[in-house]
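To start, the structure under review is shown below, and the notes come after it.
The values are calculated or read from the model by the stated rules, or taken from the named source; none is laboratory data. All figures in this text were calculated on a predicted structure; none of them were measured in a lab. As a convention, Cβ positions derive from the backbone with ideal geometry for all residues, glycine included, and neighbour counts pool all protein chains shown. In case anyone asks, the SASA skips ligands and DNA or RNA and just uses the protein heavy atoms, side chains included. Shrake-Rupley method; radii C 1.70, N 1.55, O 1.52, S 1.80 Å.
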Amino acid sequence: GHIGVWGDTRTHGHTNKTIDTQTRHIPAPGVFRRGLRQIDRHRPTSTEMSVARDRRAFLRRWACGLAPLCVAYALLTGVRSLRDLFADQLFAASLGAPGGAAPGWILWTADLPGALVSAATLVAFGRIRDSHRAMQAMLSVMIAATCLALVATGAWQLGLLGGGSWQLLLGTGVFLCYATMGTPFYERLLAATRTEGTIALLVFLSDFGGYLVSLALLLAKSLSGVGGGAASAADRAREAEAALSLFIRVVWGAGGAMLVLLVVAKVAFGVSLNWRADRGPWREGDEGSCHRGVERHAA
């Protein structure tokens with residue numbers, strides 16, 4: 001039989017036998033050929049193609065806000081992953097614990113304030129009915145949380161904060177920003193733009209970027225020779241100090257970049273959503289509204 005787009009068919013001789021011109025020379029089992037036929041039968045439907053076009057159009061509409069936000073999310077995920085995976089070394093070095101081993105109390109209390117503050121903040125956001133206002137408030141909280149993490153890090157380096165206080169404030173800044181930046185913000189974005197659908201694509205893109213940054217940081221840490229599994233207490237202490245030095249550089253680099261990216265996202269979303277409010281419902285040909293809104297604001 002024929003397999004549609006995968007190849008044409010023709011008759012051979014006088015037997016009227018159909019021959020697949022694409023697969024007749026491939027020494028593949030019948031299962032492979034049947035698989036090709038199944039693929040051809042399950043071509044995308046018109047509905048699926050329409051959904052794909054809508055997704056691409058949505059990403060184009062809000063690219064100037066979504067792009068910096070997704071990059072900031074990826075950087076934050078890298079910082080959080082590095083802190084979680086090497087918490088024992090980082091906490092031990094920041095507290096000056098002997099032997100490179102962190103005390104037990106810091107391991108289970110370091111993120112408790114961040115969890116409580118994040119939960120209370122999300123509850124407060126739920127009381128904001130205007131999704132545009134909620135988005136701007138969320139972006140402001142992200143910027144404030146990033147500043148908190150950077151200020152706490154600088155204060156600890158200057159000797160103004162103890163190691164335990166630094167970790168508590170750093171954890172609060174990281175988790176407050178992380179809890180606000182993902183799903184809650186994307187849901188508000190769909191509500192503010194009156195877009196039908198789910199946030200699955202946005203979550204996938206953000207998490208994918210976060211995994212890439214986390215893997216890059218882990219690779220950089222491995223290549224730097226930090227965390228070789230030293231046996232003696234003195235060697236473990238030196239490894240903890242090296243891990244802390246790397247982590248501080250990552251915090252400053254990623255935090256500084258996040259601050260710039262979040263400010264850009266806040267301005268972009270604010271300008272473009274205000275421009276949309278003046279134009280009313282979506283119309284065909286509005287895919288570039290984000291860029292047009294920024295151009296209008298600049299004019």
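May I ask you to list the residues in region 184-204 that are within 14 Å of the chain's Cα centre (by Cα) and either modelled with pLDDT of 90 or more or buried (at least 20 other Cβ atoms within 10 Å of the Cβ) (or both)?
Within region 184-204, Pro184, Phe185, Tyr186, Leu202, Val203, Phe204 meet the criteria.
Considering only region 63-77, state which residues are surrounded by fewer than 23 Cβ atoms within 10 Å (Cβ to Cβ) and either β-branched (Val, Ile, Thr) or more than 15 Å from the chain's Cα centre (by Cα) (or both).
Cys64, Val71
Within region 105-118, track down each residue that is open to solvent by less than 60 Å² (accessible area, probe 1.4 Å) and at pLDDT below 90.
Ile106, Thr109, Ala110, Asp111
How many residues are touching a residue at least 24 places away in the same chain (Cβ under 8 Å) and open to solvent by 40 Å² or more (accessible area, probe 1.4 Å) if we restrict to region 89-104?
4
Any chance region 170-177 includes a residue that's among the hydrophobic types (A, V, I, L, M, F, W, C) and either surrounded by fewer than 20 Cβ atoms within 10 Å (Cβ to Cβ) or over 16 Å from the mean Cα position of the chain (by Cα) (or both)?
At the first step, the residues of region 170-177 found to be among the hydrophobic types (A, V, I, L, M, F, W, C) are 170, 174-177.
Okay, now just the ones that are also either surrounded by fewer than 20 Cβ atoms within 10 Å (Cβ to Cβ) or over 16 Å from the mean Cα position of the chain (by Cα) (or both), so 170.
Yes, region 170-177 contains at least one residue that is among the hydrophobic types (A, V, I, L, M, F, W, C) and either surrounded by fewer than 20 Cβ atoms within 10 Å (Cβ to Cβ) or over 16 Å from the mean Cα position of the chain (by Cα) (or both).
Being under 19 Å from Arg249 (Cβ atoms) and in a helix (DSSP H, G or I) is the filter; apply it to region 79-88 and report the residue that is most open to solvent (accessible area, probe 1.4 Å).
The extreme case among them is Leu85.
Just name the residue that is farthest from Glu187 (Cα to Cα) out of those in region 60-88 that are free of Cβ contacts under 8 Å to residues at least 60 places away in the same chain and of a type in the set (A, V, I, L, M).
Here the answer is Ala87.
Criterion first (open to solvent by 20 Å² or more (accessible area, probe 1.4 Å), at pLDDT below 60 and not in a loop (DSSP other than H, G, I, E, B)) does Val51 satisfy it?
When the stated conditions are applied, Val51 does not pass them.
In region 130-244, which helices (runs of 4 or more DSSP H) lie fully inside it and hold 1 or more residues that are out of contact with any Cys (no Cβ under 8 Å at 6 or more places or on another chain) and within 20 Å of Val117 (Cα to Cα)?
So the answer is 131-157, 163-181, 183-192.
Pairs under 9 Å by beta carbon, first residue farther than 17 Å from Arg60 by Cα and free of Cβ contacts under 8 Å to residues at least 24 places away in the same chain in region 178-201, partner of a type in the set (Ser, Thr, Tyr) and open to solvent by less than 40 Å² (accessible area, probe 1.4 Å), six or more apart or different chains?
Once the first residue is farther than 17 Å from Arg60 by Cα and free of Cβ contacts under 8 Å to residues at least 24 places away in the same chain and sits in region 178-201, its partners that are of a type in the set (Ser, Thr, Tyr) and open to solvent by less than 40 Å² (accessible area, probe 1.4 Å) give Glu187/Ser131.
What are the pairs, 6+ residues apart or on separate chains, where a residue within region 144-167 that is free of Cβ contacts under 8 Å to residues at least 24 places away in the same chain and within 19 Å of Met258 (Cβ to Cβ) has its Cβ under 7 Å from a residue that is of a type outside the set (A, V, I, L, M, F, W, C) and crowded, with 16+ Cβ neighbours inside 10 Å?
Ala152/Gly173
Specify the residue that is least open to solvent (accessible area, probe 1.4 Å); the eligible residues are those in region 119-129 that are assigned to a helix (DSSP H, G or I) and of a type outside the set (S, T, N, Q).
Here the answer is Phe125.
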